[in-house]
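Below you'll find the structure I mean.
Nothing in this text is a laboratory measurement; each read-out follows from the coordinates by a stated rule. Please read these numbers as outputs of a predicted model, since none were measured by experiment. Backbone-built Cβ (ideal geometry, glycine too); neighbour counts: all protein chains shown.
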Amino acid sequence: MSRVALLLNKTGTVTAKADVAVQLLQYYDFSGHFASATSLIAKAAPLFEDPNLSLLRRSSWLIFVGYHSLMTGADRDGFQAVEQAHAIAQEYEQNWVDFFYDVIRVFLYLRGGEETKAA
């Protein structure tokens with residue numbers, strides 16, 4: 001995985017780096033490496049603010065940031081991420097995001113907390 005993570009430091013297009021970041025975030029979260037995922041989110045977040053990056057790639061990133069937030073108890077971040085991803089997905093008719101949006105919001109809601117009262 002360290003060789004894959006090094007790809008984020010190499011020169012290349014923002015799209016290529018963003019794709020690596022999304023795939024690596026999925027791997028870290030699905031395999032339970034939450035500390036690595038948290039570090040990756042902090043490091044890769046600026047990539048997803050680049051105006052040259054497609055909003056569709058940004059929505060993919062955000063949905064997995066939302067999933068990570070669900071797994072680590074960062075409910076406020078989770079709600080914000082899935083809301084942003086869903087807004088982009090609706091604009092581009094990216095229907096696959098709806099499943100993740102609904103599941104993540106339900107679990108965040110069920111966990112309770114102040115963030116759920118605003119949802």
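Which angle between 0 and 90 degrees, to the nearest 10, do you get for helix 75-92 versus the longest principal axis of the chain when only C-alpha atoms count?
70
Counting other Cβ atoms within 10 Å, which GluC sites (Glu not before Pro) in the stretch 49-114 have at most 15 and lie in a DSSP loop?
Qualifying residues, ordered by number: E93.
While we're here: As a test of the formula, what do you get for the chain when each DSSP H run with n ≥ 4 contributes -39,500 (n - 2.57) and the sum is divided by the residue count, at 222 nm and rounded to the nearest 500 deg cm²/dmol?
-24000 deg cm²/dmol
While we're on this one: For the chain, what is the convex hull volume of the alpha-carbon atoms per residue, in Å³?
It comes to 98 Å³ per residue, whole-number rounded.
Please determine, in degrees from 0 to 90 and to the nearest 10, the orientation of helix 55-72 with respect to the longest principal axis defined by the Cα atoms of the chain, where the helix direction is its Cα long axis.
Roughly 60 degrees, rounded to the nearest 10.
Does anyone have the angle between helix 96-111 and the longest principal axis of the chain? Alpha-carbon axes, 0 to 90°, nearest 10?
The angle comes out at about 50 degrees.
Taking other Cβ within 10 Å of each residue's Cβ, how do L56, L70 sort, fewest first?
Final ranking by Cβ density, sparse to dense: L56, L70.
Compute the Cα gyration tensor for the stretch 31-95, then decide on rounded, prolate or oblate, letting a ≥ b ≥ c be the square roots of its eigenvalues: rounded whenever a/c is under 1.5, prolate when a/b is larger than b/c in the other cases, and oblate in all that remain.
It is oblate, given that a/c is not under 1.5 and a/b is not larger than b/c.
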